[in-house]
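Asker: I'd like to ask you about the structure that follows.
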Amino acid sequence: MLMSRRARMAILPAVLALVVAGCGGGGGTGSAPQAAGAGCDAAPNYPRGPVEMIVPWAAGGGTDSVARFVGDQLAKKLDTQVNVVNRTGGSGVVGHSAIAAGRKDGSVIGMATVELTMMHWQGLTDLTYEKFTAIGMVNSDPAGLTVRADAPWPDAQALLGHVRANPGATRASGTGRGGIWDLARAGASIAAGLPPDSIRWVPSEGAAPALQELVAGGIELSTASLVENQTMIHAGRAKALAVMADERLAKFPDVPTLKEQGVDFTMSAWRGIAGPAGMPEPVVKELSCHLDAIVHSPEYAEFLAKTGFGLAWRDAAGFGAFMAEQDAQKGQIMKAAGLTP
Amino acid sequence: MAQDLAAALASLADPTLLLVVLACGVYGLFIGAIPGLTATLATALLVPFAYFLDPLPAVASIITMSAMAIFAGDLPSALVRMPGTPASAAYTEDAYRQTQAGHGALVLGVGLVGSAIGGIVGAVVLIVAAPALAEFALTFTSYEYFWVAVLGLTASVIISQGSQVKGAIALLLGLLFSTVGIDVALGYSRFTFGSELLLAGISFIPAMIGLFGLSEVLRNVLHPTGRLRVARIRTAGMFRDTFRTLWRYRKGVVSGNLIGGAIGVLPGAGGDIAAWVSYAATKNASREGHLFGKGEGHVEPVVSAGSANNSALASAYVPTLVFGIPGDTITAILLGVLLVKGVQPGPELFSTQAPLLYGIYLIFIVANLLMLPLGYLAIRGSGQLLRVPPGVLMPIIIAFCVVGAFAINNGWFEIVVMLAFGLLGYLLERYGFPLAPVVLGLVLGPIVEKNFMQSVIKTDWDLLQFLTRPVSAILMIVTVLVLVYPMLRSVWPRRRRGTGAGAGVERAVGPDGRDEA
């Protein structure tokens, strides 16, 4: 009897809380997407079925996790299934080709990454950003200069001075040869007035193995994004000398930009949603509108805070212009660094 | 640690996981019992299902299935003189002759209990050795990884079955295929002939599905085996005799498990090789060695080699999980499945994914205990198992091959790769080339190249570093030892001859050719 009264007492507030939460939650979820959906419905006949979102990189990686988050949110907004499909291989060529070759009605979209503006310069494919319809850029992570915590250089200028005095002695890594962080190395060297090969590039499978090499003493410098190196930086085993962005990062307010240190150069790995060239205008408009809402939602902010990825929004027109600009920049650096065939 | 163990135990209570384990156990017994259908093939056919599962159930499905399949390979060995999987080939002759002499239940009982013991010992090797090795491997750099991969390549040829020249050719073929696509170090495209599809290279899972799955179908269609005459066995009193026999040959149990555990840890060498080596060792050591493979056959090699293959199966997970370098062909597929699921094997796995690892350990124990009742039922029903008509089986295998190849990257090109490697696998086997080295070449080629290039670029071509770093030097010495192993072996006293004529059924190449060569 005593037990049951106690149980009832315990249950009552729980039930009340549930009812309140249910009403609040129901009201919230009922109105919010509808408002977003109604405001964005530029193409009333879209979507007619499930949408396929192609990811040119492997499951479990950074691009994959961003794509899966955006895909989930987009599914709610469009009220249809969004199937995230990984098409890997060929340094991203296979997946990007699959996006470009997809149906133009908006049923095939994908997560385009910075590699799209590099692969054709490298001679891997004829595919360029022109074969895509830009829909919206969702994320960007700038390159950095990360060295071992006990390295003798207090800032970027000291490091560059060391490189200038001892060309070829400094070894850097972060990606494979011709990868985005290799370009960060070459581009920053050129911008600092150094020959592009004055820092030697040791190819690695990505930022994590490069960081391990850095800590183990196999290399002196990682040009990968600070996000990718954050665990070791926070653990005090590596230190960041600079970030290759226009402004300091909110997560690393003490790390100055390269520009502040006298080298006017930025480089970042970006990701955005794109479809095959020639998508109908209203569909692009609708998708872009949904992406705008997703990117500026508190859920996305929470996701970024958890993963450390950086927010960078560009709408369809802005993303298209940005890709063209990026393509030209990458071509210049790759030619100068001898990374083109 | 206790916390991780508790988490793993909790995850074990998941009904999906238990269902997966049970279903895959039955599936493994079925595939293993059918001559020609290997545990590798069974794993390859599991791929499309593994994709829908979480990492732990996916690994569990492969562990359970392969353990059962390796045991079930003993069934047709004893009943129709055809090894169900290559891992049983070493003692097929003895198992069959014993069955003919009326000891069928005993042979299979010994095979079953010995397999379960072997599996658990192998799991203990994994549980003890892997974390210690992982701790050690954290200090590995590209030099050490280079040598571990070279060791795997060497072992796959030197300890493989059949002619070493053919093994080496098969390995080189695999290495050649592994160079297709974008070069791992410098980013140039190779052998792509301007095709964007080839830029991605030849993905090894579709290649393996073709090599082991489709090629078997081709062989079956082109060379049908006809009706099998299945020997009858009575299982009354089986377990009593089994335990008595195992106790009598307990030295064989110990040596088989030790050999199996050690060979499994070696990258590139798996259960079939462990069984051959254990067979040879038992024969050399036994006073009754001259009776092996003749007359009524002998149960002792079934005891030792039968545990060795299961023990190696489990300990092959050591290099796979610690270095990301597969211990055998089954773990090569497992590696691919893990990568697709975003789980990157390597020493970091032991700190970041401890619950998953404890789950894997527990699954090994569960699977091998489950083998006892399921295996007993399989022995009882073995007559029916062996009578499944190929006309039903082969189309199903083809369907699974196609689906599995497609599932890896959602593209048709992988299906083409699977078909091409199916044809290649058929031709290679037809002319006596082993298939495992092709796979190891394909998997290890990029690892060797990448680590070599990284090392030399780091040091500006200072090759001495490969020899002067202590761990690197030790690994090099082990590699050289494996390389000269055949010469060492010919120095050993050889009191044996005619190592089982029926053993060459599974592969066109038996042990005989190699021993004489």
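Asker: Do you know which residues across segment B:308-350 are of a type outside the set (A, V, I, L, M, F, W, C), touching a helix residue (DSSP H, G or I) at 6+ places or on another chain (Cβ under 6 Å) and within 14 Å of another protein chain (Cβ to nearest Cβ)?
Answerer: Passing the criteria: B:G336, B:K341, B:P345, B:P347.
Asker: Under 6 Å by Cβ, and 6 or more places apart or on different chains, what pairs join a residue from segment B:450-467 that is β-branched (V, I, T) with one that is crowded, with 18+ Cβ neighbours inside 10 Å?
Answerer: Listed pairs, sorted by first residue: B:I457/A:V202.
Results for (1) within 22 Å of B:A67 (Cβ to Cβ); (2) buried (at least 24 other Cβ atoms within 10 Å of the Cβ); (3) within 14 Å of another protein chain (Cβ to nearest Cβ), shown as yes or no for each residue.
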{"residue": "B:D183", "(1), (2), (3)": "no, no, yes"}
{"residue": "B:S189", "(1), (2), (3)": "no, yes, yes"}
{"residue": "B:V217", "(1), (2), (3)": "no, no, no"}
{"residue": "B:G237", "(1), (2), (3)": "no, no, no"}
{"residue": "B:G256", "(1), (2), (3)": "yes, yes, no"}
{"residue": "B:V265", "(1), (2), (3)": "yes, no, no"}
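Asker: Among the residues of segment A:248-290, count how many are among the hydrophobic types (A, V, I, L, M, F, W, C) and assigned to a loop (DSSP other than H, G, I, E, B).
Answerer: 8
Asker: Please state which one of B:E429, B:E449 is charged (D, E, K, R) and closer than 23 Å to B:L198 by Cα.
Answerer: Every option except B:E449 fails the conditions.
Asker: When you look at A:L124, is it outside any helix (DSSP H, G or I) and at pLDDT below 95, yes or no?
Answerer: Judged against the criteria, A:L124 is a match.
Asker: Take the residues in segment A:190-225 that are surrounded by 24 or more Cβ atoms within 10 Å (Cβ to Cβ) and in contact (Cβ under 8 Å) with a residue 40 or more places away in the chain; name whichever of them is nearest to the other protein chains (Cβ to nearest Cβ).
Answerer: A:I219
Asker: Okay, moving on. Which of the numbered conditions does A:G310 fail, given that it passes all the others? Conditions: (1) buried (at least 21 other Cβ atoms within 10 Å of the Cβ); (2) assigned by TED's automatic domain parsing to the domain that holds A:R68.
Answerer: Every listed condition holds for A:G310 apart from (1).
Asker: Okay, moving on. Keeping to segment A:197-247, report how many residues are more than 21 Å from B:P347 (Cα to Cα), in contact with a strand residue (DSSP E or B) (Cβ under 6 Å, 6 or more places away or on another chain) and part of a loop (DSSP other than H, G, I, E, B).
Answerer: Going through segment A:197-247 one residue at a time, the tally reaches 7.
Asker: If you don't mind, there's one more thing I want to ask. Yes or no: segment A:141-155 includes at least one residue that is in a helix (DSSP H, G or I), of a type in the set (A, V, I, L, M, F, W, C), surrounded by fewer than 24 Cβ atoms within 10 Å (Cβ to Cβ) and not assigned by TED's automatic domain parsing to the domain that holds A:R68.
Answerer: No - not one qualifying residue is present in segment A:141-155.
Asker: Also: Name the single residue, out of those in segment A:130-185 being hydrophobic (A, V, I, L, M, F, W, C) and touching a Phe, Trp or Tyr at 6+ places or on another chain (Cβ under 8 Å), that is farthest from the other protein chains (Cβ to nearest Cβ).
Answerer: The residue in question is A:M137.
Asker: What is the number of the single condition among (1) among the basic types (K, R); (2) within 30 Å of B:V26 (Cα to Cα); (3) within 14 Å of another protein chain (Cβ to nearest Cβ) that B:R380 does not meet?
Answerer: It fails just one condition, (3).
Residues checked against (1) among the hydrophobic types (A, V, I, L, M, F, W, C); (2) out of contact with any Pro (no Cβ under 7 Å at 6 or more places or on another chain); (3) crowded, with 16+ Cβ neighbours inside 10 Å; (4) within 14 Å of chain A (Cβ to nearest Cβ):
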{"site": "B:G391", "(1), (2), (3), (4)": "no, yes, no, no"}
{"site": "B:I396", "(1), (2), (3), (4)": "yes, yes, no, no"}
{"site": "B:C401", "(1), (2), (3), (4)": "yes, yes, yes, no"}
{"site": "B:F406", "(1), (2), (3), (4)": "yes, yes, yes, yes"}
{"site": "B:G411", "(1), (2), (3), (4)": "no, yes, yes, yes"}
{"site": "B:G422", "(1), (2), (3), (4)": "no, yes, yes, no"}
{"site": "B:G432", "(1), (2), (3), (4)": "no, yes, yes, no"}
{"site": "B:A436", "(1), (2), (3), (4)": "yes, yes, yes, no"}
{"site": "B:V439", "(1), (2), (3), (4)": "yes, yes, yes, no"}
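Asker: Kindly evaluate A:H120 against the criterion of being within 14 Å of A:E52 (Cα to Cα) and either buried (at least 23 other Cβ atoms within 10 Å of the Cβ) or not β-branched (V, I, T) (or both).
Answerer: No: the conditions fail for A:H120.
Asker: Does A:G95 meet the test of being within 14 Å of another protein chain (Cβ to nearest Cβ), within 25 Å of A:V284 (Cα to Cα), assigned to a loop (DSSP other than H, G, I, E, B) and not acidic (D, E)?
Answerer: For A:G95, the condition - within 14 Å of another protein chain (Cβ to nearest Cβ), within 25 Å of A:V284 (Cα to Cα), assigned to a loop (DSSP other than H, G, I, E, B) and not acidic (D, E) - is not met.
Asker: Continuing with the same structure: Within segment A:52-92, how many residues are assigned to a strand (DSSP E or B), surrounded by fewer than 21 Cβ atoms within 10 Å (Cβ to Cβ) and more than 13 Å from chain B (Cβ to nearest Cβ)?
Answerer: Residues flagged as assigned to a strand (DSSP E or B), surrounded by fewer than 21 Cβ atoms within 10 Å (Cβ to Cβ) and more than 13 Å from chain B (Cβ to nearest Cβ) within segment A:52-92 amount to 0.
Asker: If we keep just the residues of segment B:441-482 that are of a type in the set (K, R) and crowded, with 19+ Cβ neighbours inside 10 Å, which is farthest from the other protein chains (Cβ to nearest Cβ)?
Answerer: For segment B:441-482, the residue satisfying everything is B:K450.
Asker: Consider segment B:6-44. How many of its residues are of a type in the set (G, A, S), under 15 Å from B:L370 (Cβ atoms) and without any contact (Cβ under 8 Å) to a residue 40 or more places away in the chain?
Answerer: 1
Asker: Then there is this: Output the number of residues of segment B:8-25 satisfying the condition of being in a helix (DSSP H, G or I) and surrounded by fewer than 17 Cβ atoms within 10 Å (Cβ to Cβ).
Answerer: Within segment B:8-25, residues that are in a helix (DSSP H, G or I) and surrounded by fewer than 17 Cβ atoms within 10 Å (Cβ to Cβ) number 8.
The values are calculated or read from the model by the stated rules, or taken from the named source; none is laboratory data. As the structure is a computational prediction, the values presented were derived from the model and not from experiment. Neighbour counts are summed over all protein chains in view; Cβ atoms, including those assigned to glycine, are modelled from backbone coordinates with ideal geometry.
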